[in-house]
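These notes concern the structure reproduced below.
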Amino acid sequence: GCSFLAYEFSPKILSSNPRITRRAFIKIERTARKDISQLIKRYEFKECTIIGISLGSVSALMIAKNNPEINNLILVGTGDSLAAGLKEGIATQTLSRLTEKQGIKLKKLKHLLKELEPKNNLKGLKNKKITIYLSKADKLVPYQHGKRLVAIMERKGLKPKVIMNAHLGHYGTIAKFYLSKSSIN
């Protein structure tokens, strides 16, 4: 009684050129919105859930924002700011150094990636069921970034259900999500 559509992108989507990164994410958003809309019409789906895993949560929020076709949103290992995550995450330190060499500090990077920032893509989510999986031990997307996203959502009147673990870290949280029987319910 359900279907599954997956989008996979290279980790190299994060470029030392923020404009290239921006264009890639916008292309994903447009493609996914179009595909989802066509499939809903074709098959008369009653419900649509978007799942964003790690960096995919950036795209998931962009797709779900102001999109009445989306009912549910699940974010796993997410944060409030792509730019801050790039600067502070342990997996993106080389990229951070490359942007610094170009004179791109955090403030400028936030401006260049403004449309991609998860905290800026919360409009029109009020009637959607939102579930967020976070880990206090996450070092790839630092835990405080996810915690800030939840706080911003709550201030905007959204009511995300937060599933927290203390020890699994980023990849462990993702694995726990995939292995959980109730992760999509």
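The values are calculated or read from the model by the stated rules, or taken from the named source; none is laboratory data. Remember, predicted model here, so these are calculated numbers, not experimental data. Cβ coordinates were reconstructed from backbone atoms using ideal geometry, including for glycine residues, and neighbour counts include every protein chain displayed. Accessible surface areas use protein heavy atoms only, side chains included; no ligands, DNA or RNA. Shrake-Rupley method; radii C 1.70, N 1.55, O 1.52, S 1.80 Å.
The figures follow:
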quantity: Restricting region 37-55 to residues that are open to solvent by 20 Å² or more (accessible area, probe 1.4 Å) and among the β-branched types (Val, Ile, Thr), the residue that is nearest to residue 127 (Cα to Cα); calculated: 49
quantity: Subset tally (residues that are modelled with pLDDT of 85 or more and open to solvent by 90 Å² or more (accessible area, probe 1.4 Å)) for region 5-21; calculated: 3
quantity: Among the residues listed as 100, 115, the single one being in contact (Cβ under 8 Å) with a residue 60 or more places away in the chain, under 16 Å from residue 17 (Cβ atoms) and of a type in the set (Asp, Glu); calculated: 115
quantity: Some residue of region 56-78 being buried (at least 19 other Cβ atoms within 10 Å of the Cβ), in a loop (DSSP other than H, G, I, E, B) and without any contact (Cβ under 8 Å) to a residue 60 or more places away in the chain; calculated: yes
quantity: Subset tally (residues that are of a type in the set (A, V, I, L, M), modelled with pLDDT of 95 or more and farther than 14 Å from residue 58 by Cβ) for region 100-131; calculated: 2
quantity: Matching option when the condition is under 15 Å from residue 174 (Cβ atoms), surrounded by fewer than 18 Cβ atoms within 10 Å (Cβ to Cβ) and modelled with pLDDT of 95 or more, among 137, 151; calculated: 137
quantity: Residue that is most open to solvent (accessible area, probe 1.4 Å) [pool: residues in region 79-94 that are within 25 Å of residue 180 (Cβ to Cβ) and in a helix (DSSP H, G or I)]; calculated: 91
quantity: Test: residue in region 103-112 that is touching a Lys or Arg at 6+ places or on another chain (Cβ under 6 Å), open to solvent by 30 Å² or more (accessible area, probe 1.4 Å) and in a loop (DSSP other than H, G, I, E, B); calculated: no
quantity: Output for region 123-156, where each listed residue is in contact with a Phe, Trp or Tyr (Cβ under 7 Å, 6 or more places away or on another chain) and in a loop (DSSP other than H, G, I, E, B); calculated: 136
quantity: Restricting region 167-185 to residues that are open to solvent by 50 Å² or more (accessible area, probe 1.4 Å) and assigned to a loop (DSSP other than H, G, I, E, B), the residue that is modelled with the lowest pLDDT; calculated: 185
